[in-house]
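Read the figures in this text as sums done on the coordinates, not as results from a lab. The shown structure was predicted, so the numbers you read here are calculated from the model rather than taken from an experiment. We place every Cβ from the backbone using ideal geometry, glycine too, and count neighbours over all the protein chains shown.
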Amino acid sequence: GAVVSQHPSRVICKSGTSVKIECRSLDFQATTMFWYRQFPKQSLMLMATSNEGSKATYEQGVEKDKFLINHASLTLSTLTVTSAHPEDSSFYICSAGQGAREKLFFGSGTQLSVL
Amino acid sequence: AQTVTQSQPEMSVQEAETVTLSCTYDTSESDYYLFWYKQPPSRQMILVIRQEAYKQQNATENRFSVNFQKAAKSFSLKISDSQLGDAAMYFCAYRSPFSNDYKLSFGAGTTVTVRA
């Protein structure tokens with residue numbers, strides 16, 4: 001089946017630094033990628049939707065200047081957490097799909113810890 | 001926006017027994033998709049089962065089956081012959097095929113523990 005690769009799986013950084021997370025669709029072209037955030041024992045909260053070649057659509061309450069999303073190709077989307085702070089510590093998951101009636105595939109997630 | 005409700009934060013089941021997880025949703029659309037995802041301790045999201053709203057037949061995948069009641073907007077998951085590996089958090093999700101972003105709306109999740 002289709003595979004979505006997400007890197008890194010775990011990152012620890014100092015407060016004030018920026019962190020980039022990559023999401024790649026390995027064997028299909030993803031027209032749309034989604035970025036989620038998940039706190040322990042809670043559900044996945046959609047942060048933004050990115051379409052290749054266009055600006056990402058952010059959910060209400062998500063700071064677009066803090067969470068920069070780039071979807072430069074049909075196989076790669078990146079999420080950059082800028083000037084990270086301890087409250088940004090969370091589990092981030094991406095998913096990718098080819099269309100509204102096609103399956104969505106999830107990356108394995110990235111645990112971000114900001115010290 | 002569609003709302004997905006899972007009213008059971010936790011469920012416990014004896015190994016080899018059956019457990020049913022409930023899910024209700026709110027929508028004005030007639031064509032949509034419903035999903036159950038499993039998230040084990042590894043936190044990898046795994047698709048358990050998918051139901052297309054225009055299909056009346058309930059979806060099944062081995063020991064997993066759903067009871068899809070479209071009029072009642074209910075979509076429960078039954079896990080039969082529960083195994084230790086079924087222990088995980090289970091999420092019910094809704095997706096519309098009509099919106100440009102076709103995003104998934106998730107319920108709050110149900111944590112399933114399996115007793116040996």
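So here's what we get for this one:
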quantity	calculated
Partner chain coverage, peptide A:26-37 - average Cβ within 10 angstrom	1
Likely footprinting exposure, B:66, B:19, fewest C-beta neighbours within 10 Å first	B:19, B:66
Modelled FRET efficiency - R0 30 Å, residue B:61 with residue A:72, Cβ distances, 0.05 increments	0.25
Long-range tail of P(r) for chain B (Cα pairs > 23 Å, %)	24
Rough spin-label spacing in nm, given labels placed 7 Å along Cα→Cβ, for residue A:45 and residue B:115	3.4
Taking only Cα atoms of the protein assembly as shown, radius of gyration then Dmax in Å	17.8, 53
Ranking of B:105, A:108 by count of other Cβ atoms within 10 Å, fewest first	A:108, B:105
Net charge, residue A:62 excluded, C-beta distance under 12 Å - Lys, Arg +1, Asp, Glu -1	-1
Cβ charges +1 (Lys, Arg) and -1 (Asp, Glu), total dipole of chain A, debye	140
Alpha-carbon centroids, segment A:14-76 and segment B:1-33: separation in whole Å	26
Lone cysteines, the protein assembly as shown (no partner Cβ under 4.7 Å)	A:13
Where N is the number of residues in segment B:1-53, Cα Rg divided by 2.2 N^0.38 Å	1.35
Long pairs among A:55/B:38; A:41/B:70; A:14/B:103; B:38/B:73, criterion Cα-Cα beyond 23 Å	A:55/B:38; A:41/B:70; A:14/B:103
For residues of B:35-44, the mean tally of beta carbons on other chains within 10 Å	3
Shielding by partners, peptide A:99-106 (average Cβ within 10 angstrom, other chains)	6
Chain B - percent relative contact order, Cα under 8 Å, separation 6 or more	37
Prolate/oblate/rounded call for chain A, Cα gyration tensor, a/c under 1.5 rounded	prolate
Order of A:104, B:21, A:115 under a 10 Å beta carbon neighbour criterion, fewest first	A:115, B:21, A:104
